[in-house]
Amino acid sequence: MTGKIIKGIAGFYYVYVVDSGIYECKAKGAFRKEKVKPLVGDDVIIDIISEDEKTGNVVELLPRKSELIRPAVANVDQALLIFATKNPEPNLNLLDRFLCMMEEQELPIVICFNKEDIADDGFEQRMRDTYERAGYKVIFCSAKEEKGIDEIKQVLQGKTSTVAGPSGVGKSSIVNMLTEGHSMETGEVSEKIGRGKHTTRHSELLYLGEDTFIMDTPGFSSLFVPKMEPVDLYTLFPEFIEPASNCKFTGCAHDKEPKCGVKDAVSNGEIAASRYENYLQIYGEMVNERNNKYR
Ligand code: GDP
Ligand code: ZN
C-alpha cells in the first residue's frame, strides 16, 4: 500500500493511506541501512502487519520531489504564511524574514492576512501594494466572519502546504475551519499517538481531502538570517531583482552606493519602504555575522 508519513515520533511513523486510515509503522531494517531518514511528507510503501491494530512496516521510500530543512519535511509544495491585520499588530520585519527563509528554499509563498474584519482603513491596499508587487499571492480573510476561507481552500487544493505564523493571528481558528469534516482522520491520529508519547510538539500533516495536506509549523523564529553571501541577499526580495540590474556598481549592496537601481525604485515607489528597510536590517546582520566569524 502507498501512503504518506504524516507524523514521526520516537521511531514510529504514522502513515496515512487514503480510504484506509492511519497505520503505525516502523522503518524496516534493510531500508534503515540506506541511511535515508524518512521525513514527514514522504510518500512511502508499507506492508501491513495487522489490519486490526493498524500497524505496518515502511518498506520503501518513494522519490522525493523536494526537501525542506526548516521545518524538516519532504514534498512540500508551498508555504501559507498567516499574519493578522491587527491584534497582534503585524510585524513586517518578521514577515519579510520569513519570506527570505522560504525564498532561500525556493518555496512558493502565499501570504494571508486574517482578521480582515478589524483591519484599519487602507491597510489592505498598502499590503497588496507591498507584497503583490513582490509577486506574492495575498489573501485577506476573517476566520471570525468565515470570509475568504474558500479562497484559502482553493490555493491549498491538491498540494501539501506548510502553514506558519506568529501566535494569536488566528492560525488555529483557520486550521480548524479547514479540517472541518476531516476530523475523523485527524482525530484518529491523536487517539493513536495519545498514549503520553507526545510531550513536545512535533510537525504533523493534516489531511484535508483529495491529495491536500497542511502542516502546522512549530517554532516560528524571528532569528532567521540567510546563509548566503550578503551581496546576494537582494535576490530573496523578488521585486529588487529587476531594479538591481540598473545599479552602476557590480556588487552593489543597495545601501550607501550611488546610482543604485534599487534605491531609485524605493524613491519612485516601486519598492515599498518597509521592504527596503527590512532588507537593510537583515543585510547589516549578515555582514556582522561574517565579521564576527572571521575576527
Ligand atoms: P493562533 O494563536 O494563531 O492559533 O490564534 P487563535 O486561532 O487561537 O486566535 C487568537 C484570537 O484571535 C482568538 O481570540 C480568536 O477568537 C481571535 N480571532 C481569530 N480569527 C479572528 C478573526 O478573523 N477576526 C477577529 N476579530 N478575531 C479573530
Ligand atoms: Zn544597488
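The values are calculated or read from the model by the stated rules, or taken from the named source; none is laboratory data. Worth saying up front: this structure is predicted, and the values here are computed from it rather than measured. Just so you know, the surface numbers come from the protein's heavy atoms only, side chains and all, with ligands and any DNA or RNA stripped out. Shrake-Rupley method; radii C 1.70, N 1.55, O 1.52, S 1.80 Å.
DSSP finds beta bridges in the chain, and of those with both partners inside it, around 55 percent are antiparallel. Under a 5 Å amide H cut-off, with hydrogens placed 1.01 Å from N, residue 246 pairs with 261 among residues at least 5 apart or on other chains. Taking the helices alone, the chain has a mean residue ellipticity at 222 nm of -9000 deg cm²/dmol, built from -39,500 (n - 2.57) per DSSP H run of at least 4 residues and averaged over all its residues. In the context of the full set of protein chains, the chain has a per residue accessible area of 50 Å² (1.4 Å probe). Share of carbon and sulfur in the accessible area of the chain stands at 48%, probe radius 1.4 Å.
For the residues 2, 212, 250, a 1.4 Å probe over the protein chains yields an accessible-area ranking, largest first, of 250, 2, 212. Entry note: the stretch 2-63 has Rg to Rh equal to 0.92, where both radii use alpha-carbon atoms and Rh is the Kirkwood radius.
Annotation: amide H-H contacts under 5 Å for residue 59 (H modelled 1.01 Å from N, sequence separation of 5 or more, or interchain): 45, 46, 47.
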